[in-house]
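Colleague: I'd like to ask you about the structure that follows.
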Amino acid sequence: ANQRAWLNGYFAGLTSFDVVGGANNGVPSAVIAAKKSLLVLFGSQSGTAEGFAKKFAKRANTGAFTAKVAEANVCSLEELATAERLLLITSTWGDGDAPDNAAQLLSNLSAADALKFDKLTFAVLALGDKNYPDFCGAGRRFDIALEQRGAKRLLPRVDCDLDYESAASEWSERVLSALGEQEVISETVNSNQPSLITDSLITDHSRKNPFPARLIENRLLTSSGSGKEVRHVAISLEGSGLNYEVGDALGIVPSNCSALVSDIIAALGCDGEEAVKAPDDSETSLRNALLRYYVVTQPSTSLLEAVAERAQCAELKHFIAPENKAALEKHLHGRDVLDFLLAHPLARFTPSEFVALLRKLNPRLYSIASSSKAHPGEVHLCVGVVRFDCHGRTRKGVCSTFLADRVDGETPVPVFTQVSHGFRLPGASDTPIIMVGPGTGIAPFRAFLEERRTVGAKGKNWLLFGDQKRATDFLYREELESMFNDGVLTRLDLAFSRDQAEKIYVQHRMLEHAAELFGWLEQGAHFYVCGDAKRMAKDVDAALHEVVQRVGGKTAEQAAEYVAALKSAKRYQRDVY
């Protein structure tokens, strides 16, 4: 409501609303009056795009603009049609989907409509992860939809991988220059502005400077006979200065498996001591670079192209052709960098050539599974360990096996905290909450429950948890049953898919208890989902729509509006991956 209010004021030309970055930022009032309006919209699932958008808006306000920043969904098409300058910063999650707080605007933009944005100039910054097939898909669709409605592209869209800082900072400078900021800055304020990234995003301990934490617990949660390996990992934050709230994520900077690195070095015909460049252009050994700085599991497109060319392999050239994207994804499953070196011995590389073809090893984010109020100085994770046999070798998840196998009490775990603005407990502690978290999706809800128990919150708590088998996969069973017996958990509904002939999942429990679930929503409950984005989150969303339609007596369209209103009010939040 507050965002809608100021947006209405922005589009009506009012001046009584605050802009990001403070009042005048030292700029004379006469210049403020001449400033240009700039709308900055963001789509953010974990908080990264939101954080960058707000920092960009703050920077823009020190120059030629009066920048307004908001979630994309707050802006209607009618309001957008009256704007002149738009910067859209969005991440992508799941199978190329827009974040929850941007999906409605993208849907509206993509629908057939005569409304045109003839006055609008725009630029899109897309954040994504090249490990996913539809890299930066949401940003690409926003870019196309805006152009199709007649908006004029200020600059070509920039797509950023997980290591986004450098590209995003360069984009911000190019945007400000293209919009003509420099002319006004030179007349009004000191133009010796610090870098957007270095000034605003790097703290004492951050993604760029992680804290070397200490592992204090590594406990198996699944039992003998389970088809999974899930571990409870506790890490000490003592001396770090790092803080977190429930709903936040912990970033882990892992190292690669040393055995795999040794095999790659042998396949290259090297000894590992050869000097190569790290991603920051510093010099290090080949072994250290492969252990700490580069991806040695999934091969990059550049490496595949180089192997295909040097080995003159027609089959690999076929796979990497743009039209064979789906076939390549299938071919890559279970294969790593070593597979391609061994399969194509004619493709030879010097150490420097080889590392130049690899992607940077990026941190992994895990939903925090603890409350800092319940565990001061500690942070807990619920980690699903990835191991499987494929093509004659055992494959390992980089970060999960780093935590499970390669870290002990003496080995530092480089960590940082990632704020998640869009996954928070209700402000009022008496508000009821419904949590849907199968498998390791239980993590943030363990944190939610610990927090509410510690502060004495009076709101009702309903957890829907599921996994494969009750006997082996009931994660945190004793804790959850204790919370239920103590009344912290008002309801605990379970769905173990393989304990009966017909598979039962959390969405089936939702439909079984549809009347109660809708009743809680009508009482003001907040609805949370954590876990797999591709299937579970979509199935749960479909079940929620069905609950509203069936029990609420609504049409499909009315149910969609009801759910959209929940999202808009921050009463439907998702932490999905």
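The values are calculated or read from the model by the stated rules, or taken from the named source; none is laboratory data. Since this is a predicted model, take the numbers as computed values, not measurements. A quick note on method: Cβ atoms are made from the backbone with ideal geometry, for glycine too, and the neighbour counts reach across all protein chains shown. Each accessible area value is taken on the protein alone, full model and side chains, heavy atoms only, with ligands, DNA and RNA left out. Shrake-Rupley method; radii C 1.70, N 1.55, O 1.52, S 1.80 Å.
Colleague: Which of the peptides 212-218, 160-166 is most tightly packed, and how do the rest follow, going by the mean number of other Cβ atoms within 10 Å of each residue? Kindly include the intermediate steps, with their values, before the conclusion.
Modeller: Values: 212-218: 16.7, 160-166: 18.4.
Packing proxy ranking, top to bottom: 160-166, 212-218.
Colleague: Then there's this: Return the lysines within reach of K325: Cα separation strictly under 18 angstrom, same-chain partners fewer than 8 residues apart disregarded; answer none if there are no such residues.
Modeller: K130, K317
Colleague: Taking Cα centroids, how far is the range 501-577 from the range 314-360 in Å?
Modeller: 42
Colleague: Mind grabbing the accessible area of R491 for me, 1.4 Å probe, Å², rounded to tens?
Modeller: For R491, the solvent-accessible surface is approximately 60 Å².
Colleague: Which percent of the accessible heavy-atom area of the chain goes to carbon and sulfur, probe 1.4 angstrom?
Modeller: Looking at the chain in its full context, I get 48 percent from C and S.
Colleague: Ok, one more. Evaluate E = 1/(1 + (r/R0)^6) for L342 and L115, where r is the Cβ-Cβ distance and R0 equals 45 Å; express this FRET efficiency to the nearest 0.05.
Modeller: 0.20
Colleague: Please list I320, I433 from largest to smallest accessible area, probe radius 1.4 Å, with all protein chains kept in place.
Modeller: I320, I433
Colleague: Ok, one more. For the chain, calculate the relative contact order in percent as a whole number, restricting contacts to Cα pairs under 8 Å that are 6 or more residues apart.
Modeller: 13
Colleague: Run the dipole for the chain about the Cα centre, Lys and Arg Cβ at +1, Asp and Glu Cβ at -1, nothing else charged, and hand back the magnitude in debye, nearest 20. Provide the component values of the computation, followed by the final result.
Modeller: Working: 65 positive and 73 negative charges, 122 e Å.
Using Cβ point charges on Lys, Arg, Asp and Glu, the chain gives about 580 debye.
Colleague: Can you compute the modelled spin-label distance between K317 and R174, with each label point 7 Å from Cα toward Cβ, in nm?
Modeller: If labels sit at K317 and R174, their model points lie 3.2 nm apart.
Colleague: Once the piece of chain linking S223 and K277 is laid out straight, how much longer is it, given 0.36 nm per residue of separation minus the C-alpha distance between them?
Modeller: 15.0 nm
Colleague: Here are a few candidate values for P(r) over Cα pairs in 10 Å bins from 0, in percent: (1) 3, 17, 27, 26, 18, 7, 1, 0; (2) 3, 15, 24, 26, 20, 10, 2, 0; (3) 4, 15, 18, 14, 9, 8, 7, 6, 6, 5, 4, 3, 1, 0. Which one was actually calculated from the structure I just gave you?
Modeller: This structure yields the entry labelled (2).
Colleague: Figure the gain on full extension for S429 and A556 (residue separation times 0.36 nm, minus the Cα-Cα span) and round it to one decimal in nm.
Modeller: Gain in length upon complete extension: 42.5 nm.
Colleague: Shifting gears a bit: Let's test the formula: R0 of 35 Å, r as the Cβ-Cβ distance of A565 and N485. What FRET efficiency results, to the nearest 0.05?
Modeller: E between A565 and N485, to the nearest 0.05, is 0.50.
Colleague: Just report the Cα centroid separation between the range 128-181 and the range 237-305, whole Å.
Modeller: Cα centres, the range 128-181 to the range 237-305: 27 Å.
Colleague: Here is a further query. Beta carbons within 10 angstrom, averaged per residue: use that to sort the peptides 382-391, 464-473, highest first.
Modeller: In decreasing order of mean packing, 382-391, 464-473 become 464-473, 382-391.
Colleague: Expected output is a single nm value to one decimal: the length gained when fully extending between S76 and N324, i.e. 0.36 nm times separation in residues minus the C-alpha distance. What is it?
Modeller: 85.5 nm
Colleague: A further question on this structure: Go ahead and run the numbers for FRET between I144 and A356, Cβ-Cβ distance against an R0 of 35 Å, rounding to 0.05.
Modeller: Calculated transfer efficiency: 0.60.
Colleague: When you take every Cα atom in the range 449-577, what is the radius of gyration, and what is Dmax, the widest Cα pair distance, in Å?
Modeller: Every Cα atom of the range 449-577 included, Rg and Dmax give 15.2, 42 Å.
Colleague: Sticking with this structure for a sec: How many nm separate the modelled label positions at H391 and S107, each set 7 Å beyond the Cα in the direction of the Cβ?
Modeller: Modelled inter-label distance: 4.0 nm.
Colleague: OK, next. With every protein chain kept in place and ligands, DNA and RNA left out, what is the accessible area per residue of the range 313-439? Probe 1.4 Å, answer in Å².
Modeller: Result: 44 Å² per residue.
Colleague: Quick check on the chain: helices-only [θ] at 222 nm, where DSSP H runs of length 4 and up contribute -39,500 (n - 2.57) each and the sum goes over total residues. Nearest 500, please.
Modeller: Calculated at 222 nm, the ellipticity per residue is -10500 deg cm²/dmol.
Colleague: Given H placed on each backbone N at 1.01 Å, which residues far from A495 in sequence or on other chains put an amide H within less than 5 Å of it?
Modeller: F465, G466, D467
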